[in-house]
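Encoded as C-alpha coordinates, the structure appears first; notes follow it.
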(Lines give C-alpha, C1' and ligand atoms only; values in the text may rest on other atoms or scores of the structure.)
Protein backbone atom coordinates (compact mmCIF):
# COMPACT_ATOMS: atom_id res chain seq x y z
CA UNK A 1 0.00 0.00 0.00
CA UNK A 2 1.13 3.51 -0.74
CA UNK A 3 0.13 6.73 1.02
CA UNK A 4 0.53 10.15 -0.57
CA UNK A 5 0.45 12.67 2.28
CA UNK A 6 0.04 16.25 1.05
CA UNK A 7 0.07 19.50 3.00
CA UNK A 8 -2.44 22.03 1.70
CA UNK A 9 -1.26 24.86 -0.54
CA UNK A 10 -0.37 28.30 0.78
CA UNK A 11 -3.28 30.31 2.18
CA UNK A 12 -3.91 34.01 2.70
CA UNK A 13 -3.25 33.50 6.44
CA UNK A 14 0.08 31.80 5.62
CA UNK A 15 1.05 34.78 3.50
CA UNK A 16 0.39 37.35 6.24
CA UNK A 17 1.73 35.16 9.08
CA UNK A 18 -1.46 34.52 11.03
CA UNK A 19 -1.83 31.40 13.17
CA UNK A 20 -4.16 29.00 11.41
CA UNK A 21 -5.39 25.82 13.02
CA UNK A 22 -9.11 25.12 13.04
CA UNK A 23 -9.89 28.62 11.77
CA UNK A 24 -9.63 28.72 8.02
CA UNK A 25 -8.37 30.80 5.15
CA UNK A 26 -8.71 29.90 1.46
CA UNK A 27 -5.79 29.09 -0.78
CA UNK A 28 -4.09 32.16 -2.18
CA UNK A 29 -3.31 32.51 -5.88
CA UNK A 30 0.18 31.19 -5.12
CA UNK A 31 -1.33 28.33 -3.13
CA UNK A 32 -3.53 27.27 -6.05
CA UNK A 33 -0.49 27.35 -8.36
CA UNK A 34 1.51 25.26 -5.86
CA UNK A 35 -1.19 22.60 -5.72
CA UNK A 36 -1.61 22.58 -9.50
CA UNK A 37 2.15 22.05 -9.77
CA UNK A 38 1.98 19.15 -7.29
CA UNK A 39 -1.02 17.71 -9.10
CA UNK A 40 1.08 17.52 -12.27
CA UNK A 41 3.85 15.72 -10.36
CA UNK A 42 1.31 13.21 -9.04
CA UNK A 43 -0.54 12.65 -12.35
CA UNK A 44 1.01 9.23 -12.97
CA UNK A 45 -0.04 7.84 -9.58
CA UNK A 46 -3.20 5.76 -9.72
CA UNK A 47 -5.01 7.10 -6.65
CA UNK A 48 -7.67 4.65 -5.44
CA UNK A 49 -8.98 6.55 -2.41
CA UNK A 50 -8.62 10.02 -0.97
CA UNK A 51 -9.12 11.39 2.53
CA UNK A 52 -8.91 15.01 3.60
CA UNK A 53 -9.29 17.26 6.57
CA UNK A 54 -12.69 18.97 6.26
CA UNK A 55 -11.09 22.42 6.58
CA UNK A 56 -11.55 24.39 3.35
CA UNK A 57 -7.88 24.81 2.49
CA UNK A 58 -7.34 21.04 2.61
CA UNK A 59 -10.57 20.27 0.73
CA UNK A 60 -9.61 22.74 -2.02
CA UNK A 61 -6.16 21.13 -2.23
CA UNK A 62 -7.61 17.62 -2.50
CA UNK A 63 -10.09 18.66 -5.20
CA UNK A 64 -7.35 20.16 -7.37
CA UNK A 65 -5.17 17.06 -7.02
CA UNK A 66 -8.07 14.69 -7.73
CA UNK A 67 -9.13 16.35 -11.00
CA UNK A 68 -9.07 13.59 -13.59
CA UNK A 69 -8.94 10.77 -11.03
CA UNK A 70 -12.73 10.30 -10.91
CA UNK A 71 -12.90 9.93 -7.12
CA UNK A 72 -14.21 12.25 -4.44
CA UNK A 73 -12.36 12.88 -1.19
CA UNK A 74 -13.71 11.51 2.09
CA UNK A 75 -13.74 14.14 4.84
CA UNK A 76 -12.32 13.05 8.18
CA UNK A 77 -12.27 15.56 11.04
CA UNK A 78 -9.45 13.59 12.70
CA UNK A 79 -7.15 14.93 9.96
CA UNK A 80 -7.67 18.55 11.05
CA UNK A 81 -4.78 20.76 12.12
CA UNK A 82 -3.86 21.35 15.74
CA UNK A 83 -6.48 23.53 17.43
CA UNK A 84 -4.58 26.61 18.63
CA UNK A 85 -7.52 27.76 20.78
CA UNK A 86 -7.76 31.48 21.51
CA UNK A 87 -4.48 32.03 19.65
CA UNK A 88 -6.11 31.29 16.28
CA UNK A 89 -5.81 34.16 13.83
CA UNK A 90 -3.08 35.93 15.83
CA UNK A 91 0.25 36.95 14.32
CA UNK A 92 2.65 33.98 14.50
CA UNK A 93 5.47 36.15 15.88
CA UNK A 94 3.33 37.08 18.90
CA UNK A 95 2.35 33.45 19.44
CA UNK A 96 6.03 32.38 19.40
CA UNK A 97 6.74 34.79 22.27
CA UNK A 98 4.41 32.71 24.47
CA UNK A 99 6.72 29.65 24.07
CA UNK A 100 3.81 27.26 23.62
CA UNK A 101 6.05 25.26 21.30
CA UNK A 102 9.51 24.27 22.45
CA UNK A 103 12.36 25.62 20.31
CA UNK A 104 13.07 22.07 19.14
CA UNK A 105 9.46 20.93 18.78
CA UNK A 106 10.13 19.46 15.32
CA UNK A 107 12.39 16.94 17.07
CA UNK A 108 10.53 16.49 20.38
CA UNK A 109 6.95 17.08 19.14
CA UNK A 110 6.36 19.14 22.30
CA UNK A 111 3.56 21.56 21.45
CA UNK A 112 0.79 22.20 23.96
CA UNK A 113 -1.95 24.76 23.34
CA UNK A 114 -4.27 23.40 26.07
CA UNK A 115 -3.61 26.38 28.38
CA UNK A 116 -5.09 28.52 25.58
CA UNK A 117 -8.19 26.32 25.06
CA UNK A 118 -6.47 24.40 22.26
CA UNK A 119 -4.85 20.98 21.82
CA UNK A 120 -1.66 19.13 22.64
CA UNK A 121 0.18 17.80 19.56
CA UNK A 122 0.38 14.30 21.04
CA UNK A 123 -3.44 14.15 21.24
CA UNK A 124 -3.61 15.30 17.63
CA UNK A 125 -1.16 12.55 16.60
CA UNK A 126 -3.30 9.97 18.43
CA UNK A 127 -6.44 10.98 16.53
CA UNK A 128 -4.55 10.97 13.22
CA UNK A 129 -3.10 7.50 13.87
CA UNK A 130 -6.66 6.29 14.55
CA UNK A 131 -7.74 7.74 11.20
CA UNK A 132 -4.87 6.02 9.39
CA UNK A 133 -5.66 2.70 11.09
CA UNK A 134 -9.29 2.99 9.92
CA UNK A 135 -8.10 3.76 6.39
CA UNK A 136 -5.86 0.68 6.48
CA UNK A 137 -8.77 -1.48 7.67
CA UNK A 138 -10.88 -0.34 4.72
CA UNK A 139 -8.27 -0.56 1.96
CA UNK A 140 -6.64 -3.16 -0.25
CA UNK A 141 -2.97 -4.12 -0.14
CA UNK A 142 -2.23 -2.53 -3.52
CA UNK A 143 -4.18 0.72 -2.99
CA UNK A 144 -2.64 4.16 -3.36
CA UNK A 145 -4.27 6.55 -0.92
CA UNK A 146 -4.14 10.34 -0.93
CA UNK A 147 -4.30 12.01 2.50
CA UNK A 148 -4.48 15.82 2.54
CA UNK A 149 -3.78 17.61 5.79
CA UNK A 150 -1.91 20.39 7.54
CA UNK A 151 1.65 21.34 8.48
CA UNK A 152 1.94 20.66 12.23
CA UNK A 153 -0.49 17.75 12.48
CA UNK A 154 0.78 16.02 9.33
CA UNK A 155 4.40 16.43 10.39
CA UNK A 156 3.62 15.04 13.86
CA UNK A 157 1.90 12.03 12.31
CA UNK A 158 4.74 11.31 9.87
CA UNK A 159 7.41 11.80 12.53
CA UNK A 160 5.53 9.17 14.58
CA UNK A 161 5.10 6.70 11.71
CA UNK A 162 8.66 7.14 10.39
CA UNK A 163 10.68 8.31 13.41
CA UNK A 164 14.20 7.58 12.19
CA UNK A 165 14.30 8.81 8.59
CA UNK A 166 16.58 11.86 8.43
CA UNK A 167 14.99 12.98 5.14
CA UNK A 168 11.74 13.90 6.89
CA UNK A 169 11.41 17.65 7.43
CA UNK A 170 8.52 19.96 8.26
CA UNK A 171 6.65 20.09 4.93
CA UNK A 172 6.36 23.26 2.88
CA UNK A 173 2.95 24.10 1.45
CA UNK A 174 1.79 21.59 -1.19
CA UNK A 175 4.64 19.15 -0.45
CA UNK A 176 3.81 15.48 -1.09
CA UNK A 177 5.39 12.83 1.12
CA UNK A 178 5.01 9.35 -0.30
CA UNK A 179 5.08 6.52 2.21
CA UNK A 180 4.99 2.78 1.64
CA UNK A 181 3.13 0.54 4.07
CA UNK A 182 3.70 -3.20 4.29
CA UNK A 183 3.01 -5.67 7.08
CA UNK A 184 2.71 -3.03 9.78
CA UNK A 185 5.79 -1.08 8.72
CA UNK A 186 5.93 2.42 7.22
CA UNK A 187 8.87 3.58 5.12
CA UNK A 188 9.53 6.88 3.39
CA UNK A 189 9.65 6.49 -0.38
CA UNK A 190 9.84 9.98 -1.89
CA UNK A 191 9.36 13.63 -0.99
CA UNK A 192 8.05 15.82 -3.80
CA UNK A 193 8.42 19.56 -3.45
CA UNK A 194 6.76 22.23 -5.54
CA UNK A 195 8.90 23.19 -8.52
CA UNK A 196 8.90 26.93 -9.22
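Spot the failing condition for residue 103; the list is (1) within 21 Å of residue 155 (Cβ to Cβ); (2) touching a helix residue (DSSP H, G or I) at 6+ places or on another chain (Cβ under 9 Å), and only one is missed.
The one condition residue 103 does not meet is (2).
From the residues in the stretch 170-196 that are modelled with pLDDT under 95 and within 20 Å of residue 129 (Cα to Cα), which one is farthest from the chain's Cα centre (by Cα)? Give the derivation first.
Of all residues in the stretch 170-196, those modelled with pLDDT under 95 come to 183-184, 195-196.
Going one step further and asking which of them are within 20 Å of residue 129 (Cα to Cα), we end up with 183-184.
Working: 183: 24, 184: 21 Å.
Looking at the filtered set, the residue picked out is 183.
Suppose the filter is surrounded by fewer than 20 Cβ atoms within 10 Å (Cβ to Cβ), modelled with pLDDT of 95 or more, within 14 Å of the chain's Cα centre (by Cα) and part of a helix (DSSP H, G or I); does residue 59 pass it?
yes
Residue by residue through the stretch 96-113, note down the ones that are in contact with a strand residue (DSSP E or B) (Cβ under 7 Å, 6 or more places away or on another chain) and not in a loop (DSSP other than H, G, I, E, B).
Answer for the stretch 96-113, where residues must be in contact with a strand residue (DSSP E or B) (Cβ under 7 Å, 6 or more places away or on another chain) and not in a loop (DSSP other than H, G, I, E, B): 101, 105, 111, 112.
Can you tell me which of (1) at pLDDT below 95; (2) assigned to a strand (DSSP E or B) is the one residue 50 doesn't meet?
Against the list (1) at pLDDT below 95; (2) assigned to a strand (DSSP E or B), residue 50 comes up short only on (1).
Could you tell me how many of the residues in the stretch 1-32 are without any contact (Cβ under 8 Å) to a residue 24 or more places away in the chain and assigned to a helix (DSSP H, G or I)?
Counting residues in the stretch 1-32 that are without any contact (Cβ under 8 Å) to a residue 24 or more places away in the chain and assigned to a helix (DSSP H, G or I) gives 4.
The values are calculated or read from the model by the stated rules, or taken from the named source; none is laboratory data. The shown structure was predicted, so the numbers you read here are calculated from the model rather than taken from an experiment. All Cβ positions, glycine included, derive from the backbone under ideal geometry; neighbour counts span all protein chains shown.
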